[in-house]
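Following: one structure in structure tokens, then a few remarks.
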Amino acid sequence: MNRNQNTVAILPFSVLIPALQVIGFALLTAIAAQFRIPLPFTPVPITLQTLVVLLGGAILGWKKGAASQSLYLVWGIIGAPLFSGGSFGLMILAGPTGGYLVGFIAAALTAGYLAPRCRTYIQLNFALLASSLVILGLGTTHLTFVVGMSWSAAFLAGFLPFLPGEVIKVVAAAGIVKAYKRYSNRS
């Protein structure tokens, strides 16, 4: 077998594995969306999605992490019932959770950019917290400009109640990423 034949034989795996990683994290985000806790004082439920978004960005890197969240969003927009509570469609973006959904892409990009630059577990926690704040910030801004809430109402309904849970998800994600990196470096 000559050198060109080896390259052709290996090429499909070099494309297939990253594609499966992107698809996998998109599907994990959809599954995490179904773990939903509605809160009586806000139209935005608590879900596990942000944990998956942070993991996707930190593990896959900024390109594939953002691609996984873009794929999740596109699938939901075109009709797959992947959003929280099995919802779907373009109109979800105009609703109270639209800014958070778009924020998933930006947060995965942020986590994927910052995480590889972190030298310590503490730095990784701060990088993932910054990524999580991107989601909350875009979601809160969306509640203000698209949904029509005042800044204070949006902050109280869309930002503040989610901070404790986000801190827990950040610590969990940082621990998982650290363990993953340790394991993958041994392989």
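Readers should treat all values here as calculations from the given coordinates under stated rules, not as data from a laboratory. On a predicted model such as this, the values are computed, not experimentally measured, just so you know. Cβ sites come from the backbone with ideal geometry, for glycine too, and all protein chains shown count toward neighbours.
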M91 paired with F13, simple spin-label distance in nm, labels 7 Å along Cα-to-beta-carbon: 4.8 nm
Nearest-0.05 FRET efficiency for Q123 and L20, computed from C-beta distance (R0 30 Å): 0.55
Label-point gap, in nm, between R186 and Q34 - each point 7 angstrom along Cα→Cβ: 3.2 nm
Packing-based order for 90-102, 12-24, using average beta carbon neighbours within 10 Å, highest first: 90-102, 12-24
Helical segments meeting 30 Å axial Cα length and Kyte-Doolittle 1.0 threshold in the chain (DSSP H): 3-33, 121-142
Hydrodynamic radius by Kirkwood, which averages 1/r over all alpha carbon pairs of the stretch 72-144, in angstrom: 13.0 Å
Length-normalised contact order of the stretch 3-186 in % [C-alpha pairs under 8 Å, at least 6 apart]: 21 percent
Signed unit charges on C-beta, dipole axis of the chain, positive-most listed residue L93, L128, P18: P18
Ordering of 50-60, 155-165, 125-135 by burial proxy (mean other Cβ atoms within 10 Å per residue, highest first): 50-60, 125-135, 155-165
Separation of the K178 and L163 label points, Cα + 7 Å toward Cβ, nm: 2.4 nm
Stokes-Einstein D in µm²/s, Kirkwood radius over Cα pairs - the chain at 25 °C with 0.890 mPa s viscosity: 144 µm²/s
